[in-house]
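Read-outs: derived from the displayed coordinates by stated rules, not from any lab. A quick note: this is a predicted structure, and the numbers were derived from the prediction, not measured. Quick reminder, even Gly has a Cβ in these numbers, built from the backbone with ideal geometry, and neighbours come from all protein chains shown.
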Protein chains: 2
Amino acid sequence: MSRFWSPAIQSLVPYTPGEQPQVEGLIKLNTNENPYPPAPAVEAVLRNFDTERLRLYPDPECLALKQALADNAGLTHDQVFVGNGSDEVLALTFMALLRQQQPILLPETTYSFYNVYIDLFDIDARHIPLTDQYRIDLEAYSGENGGIIFANPNAPTGISIDLKTISALLERNTDSVVVVDEAYVDFGAQSATQLVNHYPNLLVVQTFSKSRSLAGMRVGFAFGHPQLIEALERVKNSFNSYPLDMLAQQTAIAALQDETYFDQSIQRIIDTRTWTTTKLESLGFEVLPSHTNFVFTRHPDIAATELMQYLRDNKILVRHFTKPGIDNHLRISIGTDEEMQALISCLKSYPGI
Amino acid sequence: MSRFWSPAIQSLVPYTPGEQPQVEGLIKLNTNENPYPPAPAVEAVLRNFDTERLRLYPDPECLALKQALADNAGLTHDQVFVGNGSDEVLALTFMALLRQQQPILLPETTYSFYNVYIDLFDIDARHIPLTDQYRIDLEAYSGENGGIIFANPNAPTGISIDLKTISALLERNTDSVVVVDEAYVDFGAQSATQLVNHYPNLLVVQTFSKSRSLAGMRVGFAFGHPQLIEALERVKNSFNSYPLDMLAQQTAIAALQDETYFDQSIQRIIDTRTWTTTKLESLGFEVLPSHTNFVFTRHPDIAATELMQYLRDNKILVRHFTKPGIDNHLRISIGTDEEMQALISCLKSYPGI
């Protein structure tokens, strides 16, 4: 701390991303990265890009990318916002839409960055516990509020909510914004994108980092009513006009256009998730039903921190959260078949499993 | 506007970047882009990059880039912050360091994004007029304050302040942060970077967008005391952990390493600026002394808006600001020799010049 800091930041507790060790030979199952490369068209962008153009500013409106996303979703480009990863989209969403008089509602256990934004922007919030099955109970999201945000599927549990339940919430909650963070939706859950034309208060946030294998390029986006999008644009253009560089825009467009490749890599990850779940259960683990590219699991007899350390000693990284209620679980990203076989073998060799 | 917007954003007036028309054949002298391509090593990054790695998150600390910047400046990596363009660095600086009890001090005429941040973060500010020679008078920046920010060289005037005057300010003003925005410093002004080890309250902000020809990649940075850098890191990690994608980090490192190419393109731009200034003066224009890659100029007899329109009709874009006091000036970026010859020919053909 220093006397030169703005008073408001002195108590901030920043988000802690999963480790990104620059070490070779690790099996990295700690940050939910896709084990497969981005679509081949992405490589073509890098090889053919006219480097001289980098002297120019990128399109601050990202119109080509917005149009590609709109076409893909059956929406119009003014229903699309793009940002530097879904984290930036979420940060701008908190600023633009969720700083209200009434408290916002969100799950007590969810993506931990939400609480960082709540602190950063001094937002009043009411946290609603998960059920004892680790599920978000949308029935409990009621009463006057300044907005509702939840992840579907939720993190780090991996459990999804069906569209009917989300529609019911939107029918009930018409006076404040409902933000559905769908970072993991492509791995088997139902997207609320198809509800965007029906509810002017619905914002759906997605990312290229997981299902499109472009975590390295930082592209996220949101779908919503043009007036919600305009709010995001205003704040974005009051903060940083050009958060997406030329290559981020171009590689995202390329990744979006190869649907066959997309479907195939999703299916491979779902198949590997099914295999991993079965194997973990056969070793005595409890595994929550996942619609994501990770599983959230605990062993009834062995502390999660001990298992994490054992895996780490064997060069396998997984993620652990110290939050009470989930502090005996591990979040394990779905890697390649070989990586998950190595995980299962390693766990099998743990004394007592 | 919509009832779903956060109340605080309803009165925001976002920054207006210079136009980025997607039209061929324009001579674009409106956004201070470098007319020359980035260093050849940048192209090699794109051609050789292992695309498969894009499935992974980039290094959120940007350590290799920080180290390269530190080496270049004779500093250590903990004295370096990097962000998504200097605009993001500035936005985070306003949040982390300039939200204080006392009003901050800044020039009345300067980079117009500063006032957008002041509104966005609800900061109290005192604006100090330029001298009648359009100069920043640092003597006038005195008394208790919550911080001082100015651009050196200033925008859109192009006029620089010497290092002795900045040192004198830092000697006087020891209780609040002094931010020197050096977006254009490489084009002939003196950088305050060499003062960073002497003043714990000095933050120097620079960018790869101008002198390094990487506007398309969005990389900015700041040098300062490790405690100032830590404040920026805290806010950055509470907003968006990974604002620089892998290619932004790699191309920036590549651009930094070719000093010969850098020196040569800077010198070409300075030579062209000298030629342009002489020619404009010979046509009756008044040109402020520039240490940037643009000139700020007015014709005593012809309205700037008319000249701008005439140039535009001839496919040459320049920038005009409606702010009183500078609303009869044009800001003209320094392009290639051919582009500036076209500009001068076009102006010569204007009736009355």
## Note on the structure
Partner shielding of B:10-20, taken as the mean number of other chain Cβ atoms within 10 Å, equals 4
### Task
Just need the relative contact order of segment B:41-258 here, percent rounded to a whole number, with Cα pairs under 8 Å and 6+ apart.
28 percent
### Residues of segment A:134-168 with amide N under 17 Å of a point placed 7 Å along Cα→Cβ from A:GLN102
A:138-150, A:168
### Query
So if we plug the beta-carbon distance of A:ARG47 and B:ARG53 into 1/(1 + (r/R0)^6) with R0 = 22 Å, what FRET efficiency do we get, rounded to 0.05?
0.90
### Summary
Row for segment B:159-244, column shape: gyration tensor on C-alpha, a ≥ b ≥ c, rounded if a/c < 1.5 i.e. under 1.5, prolate if a/b over b/c, else oblate; value oblate
### Task
Sticking with the crude label model, points 7 Å out along Cα→Cβ, report the distance from A:ASP137 to B:ARG135 in nm, one decimal please.
7.2 nm
### Query
Can you give the average number of partner chain beta-carbon atoms within 10 Å of each beta-carbon in peptide B:246-253, as a whole number?
3
### Message
For segment A:1-72 and segment A:91-125, what is the centre-to-centre distance using only Cα atoms, to the nearest Å?
### Response
22 Å
### Query
Nm distances between the label at A:PRO40 and the same-position labels in the remaining copies, 7 Å along Cα→Cβ, shortest first?
3.2
### Query
Which percent, nearest 5, of DSSP beta bridges in the protein assembly as shown are antiparallel?
55 percent
### Message
List, shortest first and in nm to one decimal, how far the label point of A:PRO17 (7 Å from Cα along Cα→Cβ) is from its counterparts in the other copies.
### Response
2.1
### Query
Of B:HIS320, B:HIS127, how do they rank once you tally other Cβ atoms within 10 Å and put the fewest first?
B:HIS127, B:HIS320
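Counting partner chain Cβ atoms within 10 Å of every residue's Cβ in A:38-45, what's the average?
Taking all residues of A:38-45 together, the mean is 2.
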### Query
Using Cα pairs under 8 angstrom and six or more residues apart, how large is the relative contact order of segment B:128-180, in percent?
41 percent
#### Entry: Calculated label separations, B:ARG312, copies of the chain, 7 Å along the beta-carbon direction, nm
6.0
### Task
Treat the count of other C-beta atoms within 10 Å as a stand-in for reagent exposure and order B:ASP327, A:ASP122 from fewest to most.
A:ASP122, B:ASP327
### Task
Let me know the whole percent of all Cα-Cα pairs from chain A that are separated by more than 30 Å.
39 percent
#### Entry: Out-of-range pairs (alpha-carbon distance over 20 Å; input B:LYS164/B:LYS279; A:LYS236/B:LYS236; B:LYS210/B:LYS279)
B:LYS164/B:LYS279; B:LYS210/B:LYS279
### Task
Mind running the shape call on the protein assembly as shown? Use the C-alpha gyration tensor, a ≥ b ≥ c as the square roots of the eigenvalues: rounded below 1.5 for a/c, prolate if a/b tops b/c, oblate otherwise.
prolate
### A:SER112 versus B:LYS323: modelled label distance in nm, points set 7 Å from Cα along the beta carbon direction
4.3 nm
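Ranked by Cβ crowding within 10 angstrom, fewest neighbours first, how are B:ARG234, B:ARG218, A:ARG126 ordered? Don't jump to the answer; show the numbers that get you there.
Values: B:ARG234 21, B:ARG218 33, A:ARG126 14.
Least to most surrounded, the residues fall as A:ARG126, B:ARG234, B:ARG218.
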